[in-house]
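Some notes on the structure that comes next.
The values are calculated or read from the model by the stated rules, or taken from the named source; none is laboratory data. Just so it is clear, the structure is predicted and the values come from calculations on it, not from any experiment. Positions of Cβ are backbone-derived with ideal geometry, glycine not excepted, and every protein chain shown enters the neighbour counts.
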Ligand SMILES: *Cc1c(COP(=O)(O)O)cnc(C)c1O
């Protein structure tokens, strides 16, 4: 565990982000909050507990049985639905028991899972939840007619939740061809299902990118992830028109371990990267073992109003930031330095400079960095 570094998570800002979402055109839709990958790195249990108890969110999305079981066991006094989106392992007895004992909702998105689910009497009281491939060509049921046939033959009269998932919602929902096709196809799926006599209790398709752009919401639920943690998922070209003023719920902080002057051609760290200038260098207590990837080399951040740049190779436990020489007496060994704060745009800028999607940076913060809840 790190001592001088932490990811500080603010419940107040999470509450603000959720309140902002509830004022958008989707305000009357129910929220299925995506908390997979340890709530995008923020800690699945505290985030879910707060969102459920304080913000009245009743549905949460995980990726695997293990995540879902951990969540249910950790919050056994809370009331909420847990969906499992990608890894079901339905044929394992342990998975079947987990689904029944912990009242989990498996999202069926392959033909073989659907066949097995409908055939096994174990699942007869488990809600039928289907995710269709609407053009992303990842998981998702591919054959609508066959799917409907199988359900009708199984004797089920209704589908608990019908889902789709957009491949390109960080681009325009109205102008990007595949977004238009995917929206139309999802509407067709629901219509066809109903026309065959099956009822649909719930439906959802919108992730953060779609939520930020759409005016009309045709489903019972929305499925936000990234936006509630702060950043907008939208492509830069769309951010001005579809403003999301969510704040980062996290702040990544570390400590300056050592400072010294550099001179041109001074070799720094592994492989001896040669400095191209005089400057004042700070060695910080975060490296790729903490999720600060080697791609941070070259990234610029500001500290106390001074612009620093990650120089040399990022190490497992440390990294180097070079400041202009005139900060010499203003930055000291042992002081704190903030890698990102509540400003979502700064965070997006940082991730862009490092050439990572924002999701990746948040999920990448390793378990070595303590999460501190405010
Ligand atoms: C992760 C995920 C979401 C949320 O996506 P964001 O872009 O983070 O809003 C929604 N639906 C599914 C199926 C997902 O896997």
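A few points about this structure:
- Qualifying position, being within 30 Å of residue 239 (Cβ to Cβ), surrounded by fewer than 20 Cβ atoms within 10 Å (Cβ to Cβ) and in contact with a helix residue (DSSP H, G or I) (Cβ under 9 Å, 6 or more places away or on another chain), among 346, 363: 363
- The helices (runs of 4 or more DSSP H) located wholly in the stretch 1-100 that include 3 or more residues which are at pLDDT 95 or above and surrounded by fewer than 20 Cβ atoms within 10 Å (Cβ to Cβ) occupy 11-21, 44-53, 65-74.
- Any hit, the stretch 221-243, residues being closer than 21 Å to residue 21 by Cβ and part of a strand (DSSP E or B): yes
- Among residues of the stretch 295-308, those that are buried (at least 16 other Cβ atoms within 10 Å of the Cβ) and under 21 Å from residue 4 (Cα atoms), counted: 4
- Sole exception among (1) over 28 Å from residue 228 (Cβ atoms); (2) under 30 Å from the mean Cα position of the chain (by Cα) for residue 290, by number: (1)
- Selection within the stretch 153-182 - more than 22 Å from residue 129 (Cα to Cα), assigned to a loop (DSSP other than H, G, I, E, B) and within 14 Å of the ligand (Cβ to nearest atom): 168, 169, 170, 171, 173
- All of 72, 138 fail the test of being out of contact with any helix residue (DSSP H, G or I) (no Cβ under 8 Å at 6 or more places or on another chain), within 13 Å of the ligand (Cβ to nearest atom) and more than 17 Å from residue 204 (Cα to Cα), apart from 138.
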